[in-house]
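Notes to accompany the following structure.
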Amino acid sequence: MSVSIRTLFMLAALGFGAQSAVAAELEVDVGGVRSVDGQVKLMLFERAEGFRKEDKSREVLALPAKVGTVTGVFANLPPGRYAIVAYHDEDGDGKLKLRFGMFPSEGYGLSNNPSVSGPPAFNDAAFDLPVTGALLTIQLSY
């Protein structure tokens, strides 16, 4: 292998290392879980389009429910603007149960813990994730 090709491989390896060095970790504590039934789901969004729709999220964590606080970690995220929807899927059907098709009947919460009337928007819950990572706390409302 010539020196120039070896140098290119080394530079490429350093580049991959540098790229992973800017990946951040986001730890999310979800408080107020009222039962051990089902699971707590965390949906991470990186844009307003499709916000609140699980299939449009960047990543979903499904964690076993326990009374009190449940913690999830999103790893290797690029720094940027995100929003999280959390809910307690008590009946285990994989979706947030709604009364009259509009009002959550299972526990739910958003990053920033905003008070909203009507469907929340991405900007209500949006936060900036720095390269150093972050710890967020979301309080569920039932």
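The values are calculated or read from the model by the stated rules, or taken from the named source; none is laboratory data. In this text the structure is predicted, and so the values were computed from the model without any measurement. Note: ideal-geometry Cβ built from the backbone for every residue, glycine included; neighbour counts use all protein chains shown.
With the checklist (1) under 16 Å from the mean Cα position of the chain (by Cα); (2) buried (at least 20 other Cβ atoms within 10 Å of the Cβ) in hand, flag the one item LYS56 doesn't pass.
(2)
Looking only at residues in region 108-130 that are out of contact with any helix residue (DSSP H, G or I) (no Cβ under 7 Å at 6 or more places or on another chain) and at positive phi, which one is surrounded by the fewest Cβ atoms within 10 Å (Cβ to Cβ)?
GLY118
Go through region 21-38 residue by residue and tally those that are under 15 Å from the mean Cα position of the chain (by Cα) and surrounded by 19 or more Cβ atoms within 10 Å (Cβ to Cβ).
3
Please work out which one of (1) touching a residue at least 12 places away in the same chain (Cβ under 8 Å); (2) closer than 18 Å to VAL28 by Cβ is the condition PRO119 fails and give its number.
Result: PRO119 fails condition (2) only.
How many of the residues making up region 92-107 are surrounded by 14 or more Cβ atoms within 10 Å (Cβ to Cβ) and either in a strand (DSSP E or B) or not charged (D, E, K, R) (or both)?
Total meeting the criteria: 3.
Taking the conditions exactly as written (touching a Gly at 6+ places or on another chain (Cβ under 8 Å), part of a loop (DSSP other than H, G, I, E, B), modelled with pLDDT under 95 and over 30 Å from VAL22 (Cα atoms)), does GLY118 satisfy them or not?
Taking the combined requirement at face value, the residue does not satisfy it.
Being modelled with pLDDT of 90 or more and either among the charged types (D, E, K, R) or not in a loop (DSSP other than H, G, I, E, B) (or both) is the requirement here; does THR132 meet it?
Numbers: modelled with pLDDT of 90 or more: yes; either among the charged types (D, E, K, R) or not in a loop (DSSP other than H, G, I, E, B) (or both): no.
Criteria not met by THR132.
Here are LEU44, LEU63: which of them is part of a strand (DSSP E or B), surrounded by 12 or more Cβ atoms within 10 Å (Cβ to Cβ), touching a residue at least 12 places away in the same chain (Cβ under 8 Å) and under 9 Å from the mean Cα position of the chain (by Cα)? Step through it out loud before you land on a result.
Working: LEU63 fails: under 9 Å from the mean Cα position of the chain (by Cα).
Matching residue, one of LEU44, LEU63: LEU44.
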